[in-house]
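> Here it is, the structure in full.
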Amino acid sequence: MNETPELRFDPVDLEAVRLTAQISAGMRVQRLLDAHDFIVALIRGRLRGQYPSASDQEIGLKVLEEIERAERAWARPQLLP
């Protein structure tokens, strides 16, 4: 009964880690910023479809709300059943 629960984490992609280690820190940051911009554009496009009459400012606020909600949801590791 004193078993400690296992935590579930995604497996590490060793090839991606090896390739990432070969590029400069500046390029790693640039890749993260590019990925962030891409995700925000996807969210913005989906929200634009859901709220076609919303202004750019309203869509921007909804994007921030979604990002906040996602950060709260993924802040804790999941316990395995």
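Please treat every number below as a calculation from the coordinates, not as lab data. All values derive from a computational prediction rather than experimental measurement. Using ideal geometry, Cβ is built from the backbone for each residue, glycine included, and neighbour counts are taken over all protein chains shown.
> Note down the net charge around Asp37, summing +1 for each Lys or Arg and -1 for each Asp or Glu among other residues with Cβ under 14 Å from its Cβ.
With Lys, Arg at +1 and Asp, Glu at -1, the neighbours total +1.
> Within 12 Å, Cβ to Cβ, of Leu64, how many net charges do the neighbouring residues add up to if Lys/Arg are +1 and Asp/Glu are -1?
Around Leu64, the surrounding residues sum to -2.
> Considering only the other residues whose Cβ falls under 14 Å of the Cβ of Ala21, what net charge follows from Lys and Arg at +1 and Asp and Glu at -1?
Cβ neighbours under 14 Å give a net charge of +1.
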